[in-house]
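The values are calculated or read from the model by the stated rules, or taken from the named source; none is laboratory data. What you are looking at is a predicted structure, and each value in this text was computed from that prediction instead of being measured. Areas reflect the complete protein model, heavy atoms only, side chains present, ligands, DNA and RNA absent. Shrake-Rupley method; radii C 1.70, N 1.55, O 1.52, S 1.80 Å.
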Amino acid sequence: MITLKKVSFHYKGSDAGVCDIDFSIKDGECIVLAGPSGGGKTTLTRLLNGLAPAYYPGELTGQILFNGKESVNSKSYEIGREIGSVFQDPKSQFFSSELAGEVAFACENYGMHTDEIRKRTDMAIRRFDLNCFRGHSLDVLSSGEKQRVAIASVYALHPNVYVCDEPTANLDDKGSTHLADMLQKLKKEGNTLIIAEHRLAWLAQIADRYVYIANGRMCWEKTAKQLAEMSDTERDIFGLRIVDKIELGSIQASVENTSPVLSAHRLSLTQNKKTIFTNQNFLLFSGQITALTGENGAGKTSLAKVLTGLTRESSGEVQLFGKRSAPSHRRKTIWYGSNDTATQFFTNSVTEELLLQSKKTPEVLERARKLLKDLGLYKFREVHPASLSGGQKQRLSIACGILSQRRILIFDEPTSGLDGINMEIIASLLKDESRKGTAILVITHDKELIQRCCNFVINIDKQ
């Protein structure tokens, strides 16, 4: 049993945090923390797993009880043994450079016998379908594959409670289904699951209750049945994603009598003697929003980096506006928003970051202000980008791309940390930008986003 009694926490030097959180979680129950990006879900997970205030300093009041014992009286390693955590950014919890070493790390850290470590490591790798990557370095895995490694490393420790922050943010349909099956089994074994999540459809058969957190406060809680009975209008009001699976029909826009702004011809990429993708051919057109989909590890991000000139193709060519384009030229012409936003921010404030590559004319400054307001970032305009939530960083990345005024924009998983309201805002902004003649390529597993704004879909198969 986990009980929170009038829990409030605010980060040191900041107003961000949660206030007066009051609810209980039964053993073996699955609780989903829902609510807007930046509303306090991640903070609540940090309080439950003991990282706040131990690692994230701040002022904590109220009581957090685990089986009647206050968490503040427990050591971090004691909490870590009972409560496994899967973070929003899986790389932030890696300690090893190799997959098997990472999965084994926690068991080694708790001093388990070598035979037991091997047994648990092998089981976790098998159960999360990672055996084919066993000898791989973690830095060559896709974001979705890294997420599976993070979950497997927690599973190997066999904790009683699993706290997951956006576990499907970068997973494809197959990965989400596999995770749902795995969590269902863990729940049946008596484990407690606490999941902060925006994408709700995959949780339909797992969740017992949904707790809605906004502006740092607990607004309501509903059973799975009550949530399923909410009307589309009610869900829209709270910015909740749909709870049913989406089946995409044929999506294809007419591009007759237009010339492509980007052409990929027989593109292939091989790295470290491994074929990432081969013989890719497609066209991007002005005013078109194209979705690039495919399984985790199929090479979608690698393809985007080739298109933008960040990685040189092994063979084939990329043409921009009908002419062959070298990587150096593509880097100056195409905007790329990474799926790892932590690698693309360089300044000390949101405003500085947004204006980094723009001339500060009155028109640009006004456009920047409007973008920040539209994306709910205006109140954070003087905040350091590193202090933003995952969803807020995604929105800043999109704002930077739009303000760049480049005619070709590529965004990698732009809605991975976004709630329904912000997903709709992003879809609307992308449609507005496409109407101006911008060609947009969106790498995504988010079928709701595809349904809202994309008019063409490219699927890349795993090699």
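Can you give me the % of accessible surface on the stretch 190-340 that is carbon or sulfur? Probe 1.4 Å, all protein chains present, nothing else counted. Walk me through the intermediate numbers first.
Values: 3250 of 7270 Å².
Its accessible area is 45 percent carbon and sulfur atoms.
Here's how it looks for Leu441: its modeled amide H is under 5 Å from those of Thr290, Leu409, Ile410, Phe411, which are all 5 or more places away or on a different chain.
Listed by chain and number, the lysines placed with their C-alpha closer than 16 angstrom to that of Lys274 are Lys300, Lys462; residues fewer than eight positions away on the same chain are left out.
Going down the list Lys75/Lys188; Lys91/Lys146; Lys146/Lys245; Lys41/Lys222; Lys6/Lys41, which pairs span over 18 Å between their C-alpha atoms?
Numbers: Lys75/Lys188 29 Å; Lys91/Lys146 7 Å; Lys146/Lys245 24 Å; Lys41/Lys222 16 Å; Lys6/Lys41 16 Å.
Beyond 18 Å: Lys75/Lys188; Lys146/Lys245.
For the stretch 1-117, the solvent-accessible area of protein heavy atoms averages 48 Å² per residue (probe radius 1.4 Å; ligands and nucleic acids excluded). For Lys436 and Ala54, the difference between the fully extended length at 0.36 nm per residue and the C-alpha to C-alpha distance is 132.6 nm.
In percent, how large is the relative contact order of the stretch 1-146, given Cα pairs closer than 8 Å and 6 or more residues apart? Show your work: numbers first, answer last.
Details: 163 pairs, mean separation 29.9, N = 146.
Relative contact order, the stretch 1-146: 20 percent.
Counting only alpha carbon atoms, the long axis of helix 390-403 and the longest principal axis of the chain meet at about 10°.
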